2 protein chains.
Amino acid sequence: MLLVSILVSISCSSNTLPEKEIVEFTLEIAKDATPAVVSRILQADKKPISEIRFEKGTYHFYPDKGYEKFCYISNHGDGMVNTPFPILNKENLTIDGQGSLFIFHGVIIPFLIEGSTNINVKNVSIDWYQSFHSEGLIVANNIENKTFDMEISKEYPYDIRNGEIFFIKEYYQHTLGQSILFDPKRKGISFNTEKYTSITTKSKTSTTFNLDNIVYKYEYDKRDVGNKNIGVERRVRAEELKPGLIRVHGHKKKIPPVGNILSMKGEQGLNRVAPAFRVTHTKGFKGTNVTIHHAGGMGIIAENSEDLLLDNFNVIPSQGRMVSTTADATHFVGCRGKIILTNCTFQNQLDDASNIHGSYQKIVDVLDDYRIGVRMGHHQQKAFVIGRPNDNLGLVRLSNSFFPYKQLTIKDIEYINNRYQIITLNEKLPNDIKKGDLIENLDAYPEVIVKNCKIGNNRARGLLISNPKNTLIENNFFNTEMEALLIPVESSHWYESGNAANVVIRGNTFQDCQHGGKNRGVIRFNTDDDNKNIAFKNIEITNNIFNQFDNLILQVTNTNGLVFKENTITNSGTFPQLYPESPAIKIEDSKNIKFENNTYKGKAPNLIEADESMPDITFQ
Amino acid sequence: MLLVSILVSISCSSNTLPEKEIVEFTLEIAKDATPAVVSRILQADKKPISEIRFEKGTYHFYPDKGYEKFCYISNHGDGMVNTPFPILNKENLTIDGQGSLFIFHGVIIPFLIEGSTNINVKNVSIDWYQSFHSEGLIVANNIENKTFDMEISKEYPYDIRNGEIFFIKEYYQHTLGQSILFDPKRKGISFNTEKYTSITTKSKTSTTFNLDNIVYKYEYDKRDVGNKNIGVERRVRAEELKPGLIRVHGHKKKIPPVGNILSMKGEQGLNRVAPAFRVTHTKGFKGTNVTIHHAGGMGIIAENSEDLLLDNFNVIPSQGRMVSTTADATHFVGCRGKIILTNCTFQNQLDDASNIHGSYQKIVDVLDDYRIGVRMGHHQQKAFVIGRPNDNLGLVRLSNSFFPYKQLTIKDIEYINNRYQIITLNEKLPNDIKKGDLIENLDAYPEVIVKNCKIGNNRARGLLISNPKNTLIENNFFNTEMEALLIPVESSHWYESGNAANVVIRGNTFQDCQHGGKNRGVIRFNTDDDNKNIAFKNIEITNNIFNQFDNLILQVTNTNGLVFKENTITNSGTFPQLYPESPAIKIEDSKNIKFENNTYKGKAPNLIEADESMPDITFQ
């Protein structure tokens, strides 16, 4: 039985290394392609591969014989993961699905790419046999009793234990947990869902005994997975009215309207276990003509990598599901070189289309003249290594400035554990360094281009950009439930570094963004440190169309240098206005903000609301 | 500040290697000794250490700056663990506490010893600041309403969430879970606790929907941690009557009597996270003058190691706690060379004093003439690698025989994941090999000596011996709640290999064992495969004293060759008899069993009950 046929690659080198092979898999391995693929990749050091091709068709992948490796994955659960494609320390490898559909079963990471160079994945669709979320159609509700009834289809098996519903999948289960409403007519997030969701699953328990007796010597992260359930109990109760029909009691917000679909994905911290692509410490990754229909986490999470190109790389739901990926479509942490997203569609994922940022780490020990002990601030950044030898580190004291007060270079990083590392610098530490100061890697930011992409129907934002290098956002379409573009400094909880500069936003269409119900700008700048320091510089917003149902378009804060020109603002009338009193533009703690040649056809009673930092600014 | 003073070791070699140092830590690091110890050990490759000494005193160890490493640990939870003593690939290293007490905080493994040679740990006591179990004094009960009330002292903080009690510790929490009664007067397991415990915390849920829709392609372990809660809900409910006083509703067995202490350690599969010593792939480990007062798991778990000597290595509770370690005092899997336990006290641990066995793995794929794919059968043996190149593997088909039908040698083992490995043999596989056959490593059994040890007051057994080499159990004292000695083949669920042979049991005192309430022999042979095949050979039980409150002394099955002579059996009168009709000795499916010169002063109405395999045997 011929499972694998082998061709000699014409692209391989002719030196003493063994010739690289093109490996072709046929549909004979389709029932579980994992063992054959793993086996061949594990031999690649002795029998190098230039390309792995799949005969066009549908292939299943199970974890039972998948390759395992422990991974700390930014913004995902950490642990021993399982993959059919262990692309570890490989060079110049192409995986070509030739139009195939790969169907994954259970907790498995389709593509695990680490420490590699020039990896291409193309012409493949990725889906899961059973999803990591579940969907329920709201078929009845009772406003007085504060209950609603959900119809659960047979594709979402469940059990109920002591009033709590668990959705059971192959190799996985989840509770109701994080949830949001979809409108099946629009196949997108329901208008004004914020009023109804997330379902309020938790409340404080009144019965605790002597918890104060527990005193921690070091900083303790109450929000970490193992800790956050202390003193918290379940407030909603699931009752089965008949098989497949569930009544939910105890929800505190407004009761979801009939006809909506509630997507449920289980508890935060436990519900991101299987991103489609995990790329780390890799130089050169291309994803071309790839469609990710689902993942139990992000479409792609890239960390500490360089030169990443996604072209016609899409996140789109399948099988009648409202949801595509259960977290961000794409996410980049501490990446450098170029990040290019072109011709992509990112739809129906349960978090942002992209989030691009660095990492702050906190100085907790000054060990000697050259060495600091640093702590990973957020539990989903555990084990993140901030840079390489000779990278420029900035020392940041956010109470004084968003910009570093001192620059030093890395000599060495000693990994102790997922929360603690010891960094040795090439230069002496400044005398005024203090515990509590942050570090950021000034070299680990990218040149970003997002072009010709279609983003919408998803929960949360379009693009989050925390990038002090150059960012071009051009000719995209946004229809997001929260901000289309959020430009933040997220220091206090998320420890996501990068105070944006040199951002060009042009030629985009913003269609009915913020329809989830928050009173925020379609484009919003934000720092979570409460001060007037400048965080953002040199921003250009030109030639965009804002076709919005509500007023607030642009929210600027802590910015020096922003031009908003030749934009057209109209009112779409798609939804009723939620905040008719809001202005079109809000400005705080900023300078050098200019408006030129814009067209306004919206409904805002005041176009600009500015604080004392720019009292005389006018819209033009 | 002098934290570390350095002496040149007189034992170091004089070749070109750097001279080995004796590192001396003083009490200046006592508040958290972890970072100083970790830092020095991590430098040991460049600055080798012959000995680490601690100034006598009390040292605290926290996980925050501990060294982390992923460990699969047999019969424990698996995961990223944290240690202050990462003894990884070290040679000829002594750690001398010089009489110090080491107090550990949270989930941390005191001594992690892997891939090393000649490691000695001596003169140290190990304790935890907060325990991994909790204790409640039964102060009232209501037999009619089936409730009991527990007084919880301030050292066991808790909260109650939706009727479930969680005991909260530094860095850890547990539910009621697995439990057993202690008698505070005897400071041991309560007489007849089996009637009352474990508290029946779980029952089946009646509400499940379409779970049959989930079909697994490969073998699926329903008992694994992620799976066993499906279709199961909590049946007991905790109600706080006042702070520190808890009423438990819903227990199904007999209601625990007032005055007993209920030890609770949380759910099976989640409650073994911090053994005191983890030793693996190590040749030569000595623990001398060591006392383990507590651990969240075993005192020592050793795997794939060789020549292990525990001398005056004790497990004894402290701080008024009923419980010492929350699992076995000692446990050895797949070890070879010598295992010697002398002058040890193993008391009040929540599982066996020692369990010594190999591992069965199941053949699930016959890949070609030389390669098999094997599956790890039990979820607490995940990732266990069965041997090294050239070890003798036995192929076993238990339905036919407990002994291998074929012997082969290992060429290579390819680790794929924690449940699946591919083993290549040096010899061709036999034609009649079948999926479902087991393998065991015939070389990975030890010479065992257990001598001058005191074992009792603990849950479960004294010694479990599954060892076909030689075992000497001499001059020990046993006072165990279940069997003092269990000689099993545990193939069907535990996959613990080793059909015992050449076991000498002499000069021991068995005092009131099996007081937990099971009608089983003090010494018991058992196979969990239901057949008449011989599993045990050449057993000698001589010159022991059985001072028991009840009748059943010896239970023999599937044995060929056992001599029971010069033993003295008396009735202690310590507890009322539970099974007055039982014989002293039961024999099934055995041959060549001999009784000589024994003295019987017990109360059994019939001394021997034998099946048709030895109908005419008499006690002498």
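For the reader, a short list of remarks on this structure follows.
- Once A binds B, the 1.4 Å probe can no longer reach about 5300 Å² of accessible area, counting both sides.
- Measuring heavy-atom accessible area with a 1.4 angstrom probe and counting protein chains only, the residues of segment B:210-240 that give up at least 30 Å² relative to the chain alone are B:210, B:211, B:213, B:214, B:216, B:217, B:218, B:229, B:230, B:233, B:234, B:240.
- Accessible area (Å², per residue) of chain A, counting only protein heavy atoms and a probe of 1.4 Å: 36 Å²
- Spin-label pair residue A:47/residue B:415, simplified geometry with 7 Å Cα→Cβ offset, distance in nm: 2.4 nm
- Projected-area mean, segment A:461-620, by convex hull of Cα positions, square nanometres: 8.2 nm²
- From the alpha carbon centroid of segment A:333-362 to that of segment A:546-617 is 26 Å.
- Taken about its Cα centre, segment A:134-264 carries a charge dipole of roughly 360 debye when the Cβ of each Lys and Arg holds +1 and the Cβ of each Asp and Glu holds -1.
- Farthest toward positive dipole pole in segment B:445-610 [+1 Lys/Arg, -1 Asp/Glu at C-beta], among B:491, B:504, B:555: B:504
- Model label zone, residue A:368; criterion: amide N under 20 Å from point 7 Å along Cα-to-beta-carbon; scope segment A:375-400: A:375, A:389-390
- Candidate lysines - alpha carbon under 16 Å from residue B:169, same-chain residues fewer than 8 apart omitted: A:217, A:222, A:228, B:154, B:265
- Summarising the amide proton neighbourhood of residue B:336: residues at separation of 5 or more, or on other chains, whose placed amide H is nearer than 5 Å comprise B:305, B:306, B:307.
- Fully extending the segment from residue A:137 to residue A:56 would add 25.6 nm, taking 0.36 nm per residue of separation and subtracting the current Cα-Cα distance.
- Using R0 = 45 Å, the C-beta based FRET efficiency linking residue B:545 and residue A:223 works out to 0.15.
- Apportionment of accessible area to carbon and sulfur, segment B:445-610, percent (1.4 Å): 40 percent
- Between residue A:249 and residue B:424, the modelled label-to-label distance comes to 6.3 nm, taking each label 7 Å out from Cα in the direction of the beta carbon.
- Divide the volume of the convex hull around the Cα atoms of segment B:289-419 by the residue count and you get 132 Å³ per residue.
- Cβ-derived FRET efficiency at R0 56 Å, residue A:532 paired with residue A:239, nearest 0.05: 0.60
- In chain B, Cα pairs under 8 Å separated by at least six residues give a relative contact order of 9 percent.
- Where a label projected 7 Å from the Cα of residue A:319 along Cα→Cβ would reach, residues of segment A:20-36 with amide N under 19 Å: A:30-34
- Contact order, relative form, for segment A:174-277: 44 percent (alpha carbon pairs under 8 Å, 6 or more residues apart, mean separation divided by residue count).
- A Förster radius of 22 Å, combined with the Cβ-Cβ distance separating residue A:509 from residue A:606, puts the computed FRET efficiency at roughly 0.35.
- Helix-only arithmetic for chain B: the sum of -39500 (n - 2.57) across DSSP H runs with n ≥ 4, divided by the residue total, places the mean residue ellipticity at 222 nm at -500 deg cm²/dmol.
- Here's how it looks for residue B:161: its modeled amide H is under 5 Å from those of B:166, which are all 5 or more places away or on a different chain.
- Peptide-level mean, for B:39-49, of C-beta atoms on other protein chains within 10 Å: 1
- About the Cα centre, charge dipole magnitude for segment B:360-441 (Lys/Arg +1, Asp/Glu -1 at Cβ), debye: 260 debye
- Dipole of chain A [Lys/Arg +1, Asp/Glu -1 at C-beta], most positive-end residue of A:413, A:166, A:238: A:238
- Where Cα atoms sit under 30 Å apart: lysine pairs in segment A:396-458 separated by 8 or more or lying on different chains: 6
- Karplus-derived HN-Hα couplings along segment A:552-561 (A = 6.51, B = -1.76, C = 1.60, θ = phi - 60°), whole Hz, x at Gly and Pro: 6, 9, 9, 10, 10, 8, 6, 10, 10, x
- Virtual paramagnetic centre 7 Å along Cα→Cβ of residue B:519, amide N under 18 Å, in segment B:545-565: B:549-557
- Segment B:360-441: projected area of the alpha-carbon convex hull, averaged over directions, in nm²: 4.7 nm²
- Estimated vicinal HN-Hα couplings, Hz - segment A:601-616 in sequence order (Karplus 6.51, -1.76, 1.60; Gly, Pro = x): 10, x, 10, 5, x, 10, 6, 10, 10, 10, 8, 5, 5, 9, x, 9
- Rg/Rg_globular for segment B:240-292, with Rg_globular taken as 2.2 N^0.38 Å and Rg from C-alpha atoms: 1.93
- Cut-off under 5 Å, modelled amide H: who pairs with residue A:568 long-range: A:544, A:545, A:546, A:599
- Label positions at residue A:151 and residue B:145, each projected 7 Å from the Cα along the C-beta direction, are separated by 4.5 nm.
- Quotient of Cα Rg and 2.2 N^0.38 Å for segment B:134-264, N being how many residues it contains: 1.20
- ³J(HN,Hα) computed for each position of segment B:228-236 - Karplus, 6.51 cos²θ - 1.76 cosθ + 1.60, integer Hz, glycine/proline x: 6, 8, 5, x, 10, 10, 7, 9, 8
- Extent along principal axes [Cα atoms of chain B; Å; largest to smallest]: 76, 69, 61
- Protein accessible area in segment A:134-264, 1.4 Å probe - carbon and sulfur %: 48 percent
- Both the radius of gyration and Dmax for the protein assembly as shown are 33.1, 113 Å, in that order, over alpha-carbon atoms.
- Interface residues in segment A:137-165 - accessible area drops by 30 Å² or more relative to the isolated chain, probe 1.4 Å: A:154, A:157, A:158, A:159, A:160, A:161, A:162
- Share, in percent, of DSSP beta bridges within the protein assembly as shown that are antiparallel, nearest 5: 40 percent
- Dividing the mean sequence gap of close Cα pairs (under 8 Å, 6+ apart) by how many residues segment B:445-610 holds gives a relative contact order of 18 percent.
The values are calculated or read from the model by the stated rules, or taken from the named source; none is laboratory data. Treat the numbers as computed from the prediction; the structure is a model and nothing was measured. Positions of Cβ are generated from backbone atoms using ideal geometry, with glycine treated the same way; all protein chains shown enter the neighbour counts. These accessible areas exclude ligands, DNA and RNA; they are computed on the full protein's heavy atoms, side chains included. Shrake-Rupley method; radii C 1.70, N 1.55, O 1.52, S 1.80 Å.
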